[in-house]
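S.K.: Please read through the structure below; I'll follow up with questions.
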Amino acid sequence: MRTALLLSLIVLSPGLFGQATFDIEGHRGCRGLRPENTIAAFINAVKLGVNTLEMDMQISKDGKIVISHDAFMGSNICSAPDGKPVTQADEEKLKIYTLTYDEIKKYDCGSRGNAKFPDQQKMSTIKPLLSDVIDTVEKYIAEHHLPPVRYNIETKSTPAGDDINHPKPAVFAKMVYDLIKQKGVINKCIIQSFDPRTLQEIRKIDPNITTALLVENIKGLKANLALLGFNPTIYSPNYMLVNKKLVKECHRMKIQVLPWTVNDEKKMIELKQMGVDGLISDYPDREIKVLR
Ligand code: G3P
Ligand code: CA
């Protein structure tokens, strides 16, 4: 039993033991199946057997790391404390950076479902804190004797959003680093961003931290790496930008390739055949079915 557990740890834990296997990542937990970026989605992804949980970070008015893709309460998925759907006109007034977490947790962002993901189970649920996600996932894994998972955590920032939607990069990076250090999960974390600045800042704090540069432009590998100023652990492009040549070039530089967000099973197989090191999908169940 102990040998089996040790083996599963070695095979399924790339962050802890080096890139040992294909990295199956659940996008926003498993957005296709459960409300995005919620504890229900993360636990379901763990149950399915992902290697890594992908999620997005925003900062609240009172300095807490809130898991949310949008910088505001989205009119597409959230309901106000009175139960009424958030309207588009309200969104601007409902920025996470201008609300305390006590205010944020009054919004239900799961009961309405998501029109783009008809298989997503509707349930009353809130935007969680990163600290609660880590505590809940680690507890669940320990109680069920499951292999560890990694946390692919995205700093949602842009130069135009500094001090409006989020703190400046150095502050954002330090807040994230301090929390994952306090939780003892630095070695299980990938810090990912479209914004090179937060990756540069976090690397100043810890040069050994795992970083992933997210890319959705057509500047090319060389230009994107030049903008970043160092080789990240992972190059993470929109899957439509990936081809064999890119994978080969990244691997020559010892950079892993992790495309997003791949929901089509045929495309998943094609990308794996190109040699990518993992995939991020809203449907980790499909990834597991066709790739593992
Ligand atoms: O991690 C990659 C992917 O999540 C980036 O896109 O917009 O879903 O955060 P987005
Ligand atoms: Ca993301």
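S.K.: Output wanted: per-residue J couplings in Hz (rounded whole) for the stretch 252-266, from phi through Karplus 6.51 cos²θ - 1.76 cosθ + 1.60, θ = phi - 60°, x for Gly and Pro.
M.R.: 4, 8, 6, 10, 7, 10, 9, x, 9, 9, 9, 10, 8, 4, 4
S.K.: To continue, here is another question. Let me check I've understood the local charge: for PHE230, count other residues with C-beta under 15 angstrom from its C-beta, Lys and Arg +1, Asp and Glu -1. What total comes out?
M.R.: Values: positive: ARG197, ARG203, LYS204, LYS222, LYS254; negative: ASP195, GLU201, ASP206.
Summing Lys and Arg as +1 and Asp and Glu as -1 gives +2.
S.K.: Rounded to two decimal places and with Rh computed the Kirkwood way over Cα pairs, what is Rg over Rh for the stretch 215-292?
M.R.: Taking Rg over the Kirkwood Rh, I get 0.98.
S.K.: Per q in 0.11, 0.16 Å⁻¹, report the Debye log10 I(q)/I(0) for the stretch 157-275, using one uniform scatterer on each alpha carbon and no solvent.
M.R.: Debye output, listed in q order: -0.40, -0.81.
S.K.: With both partners inside the chain, how many of the DSSP beta bridges are antiparallel, as a percent to the nearest 5? Intermediate results must be reported in sequence, preceding the final value.
M.R.: Details: 7 of 35 bridges.
Beta bridges within the chain, antiparallel portion: roughly 20 percent.
S.K.: Using helices alone, what [θ] at 222 nm do you get for the chain, with -39,500 (n - 2.57) per DSSP H run of 4 or more residues, divided over all residues and rounded to the nearest 500?
M.R.: Details: 12 runs with 106 residues, N = 292.
Result for the chain, helices only: -10000 deg cm²/dmol.
S.K.: Just checking the chain: which Cys have no other cysteine's beta-carbon under 4.7 Å?
M.R.: Result for the chain is CYS30, CYS189, CYS250, no neighbouring Cys Cβ within the cutoff.
S.K.: Work out, step by step, the length gained on full extension between ASP178 and ALA223: first 0.36 nm times the residue separation, then minus their alpha carbon distance; give nm to one decimal.
M.R.: Gain in length upon complete extension: 13.1 nm.
S.K.: Could you run the Karplus curve 6.51 cos²θ - 1.76 cosθ + 1.60 with θ = phi - 60° over the stretch 113-120 and give me ³J(HN,Hα) per residue in whole Hz, x for Gly and Pro?
M.R.: After applying 6.51 cos²θ - 1.76 cosθ + 1.60, I find x, 9, 3, 7, 10, x, 7, 5 Hz.
S.K.: Further question on the same structure: Based on the alpha-carbon gyration tensor of the stretch 77-193 and its eigenvalue square roots a ≥ b ≥ c, which shape applies: rounded if a/c is under 1.5, prolate if not and a/b is larger than b/c, or oblate?
M.R.: Details: a/c = 2.07, a/b = 1.19, b/c = 1.74.
Judged from the Cα gyration tensor, the stretch 77-193 comes out oblate (a/c at least 1.5, b/c at or above a/b).
S.K.: Using +1 on the beta carbon of Lys and Arg, -1 on that of Asp and Glu, and nothing else charged, what's the dipole of the chain about the Cα centre, debye to 20? Each step should come with its number before you reach the end.
M.R.: Numbers: 40 positive and 35 negative charges, 153 e Å.
Computed about the Cα centre, the dipole is about 740 debye.
S.K.: A further question on this structure: Short version: ³J(HN,Hα) in whole Hz for each residue of the stretch 195-210, in order, from phi by Karplus 6.51 cos²θ - 1.76 cosθ + 1.60 (θ = phi - 60°), x for Gly and Pro, what are they?
M.R.: So the J values, rounded to whole Hz, are 9, x, 5, 5, 5, 4, 5, 5, 6, 5, 6, 9, x, 8, 5, 7.
S.K.: Along the charge dipole of the chain, pointing to its positive end and built from +1/-1 on Cβ of Lys, Arg, Asp and Glu, which listed residue (LEU228, ILE59, SER193) has its Cα farthest out?
M.R.: It is LEU228.
S.K.: Tell me the net charge near ASP277. Cut-off is 12 Å between Cβ atoms, ASP277 excluded, with +1 for each Lys or Arg and -1 for each Asp or Glu.
M.R.: Values: positive: LYS254, LYS272; negative: ASP23, GLU25.
Here the charged neighbours net out to 0.
S.K.: Give the cross-link partners of LYS64 among the lysines, using a straight C-alpha distance below 16 Å as the criterion and excluding same-chain residues fewer than 8 apart.
M.R.: LYS95, LYS105, LYS106, LYS127, LYS156, LYS168, LYS174, LYS181, LYS183
S.K.: In nm, what is the difference between 0.36 nm times the number of residues separating GLU216 and LYS245 and their Cα-Cα distance? Could the numbers behind the result be given before it?
M.R.: Numbers: separation 29, 0.36 × 29 = 10.44 nm, distance 1.71 nm.
Difference between extended and current length: 8.7 nm.
S.K.: Using the Kirkwood formula on the Cα atoms of the chain, what hydrodynamic radius do you get, in angstrom to one decimal? Please list the in-between numbers first.
M.R.: Values: mean 1/r = 0.0518 Å⁻¹.
Result for the chain, one decimal place: 19.3 Å.
S.K.: Could you give the distance between the Cα centres of the stretch 212-277 and the stretch 38-93, to the whole Å?
M.R.: 26 Å
All of the numbers you see were taken from the coordinates with simple rules; none came from a lab. Values in this document were obtained by computation on a predicted structure and should not be read as measured data. Glycine gets a Cβ as well: all are built from the backbone with ideal geometry, and neighbour counts include every protein chain shown.
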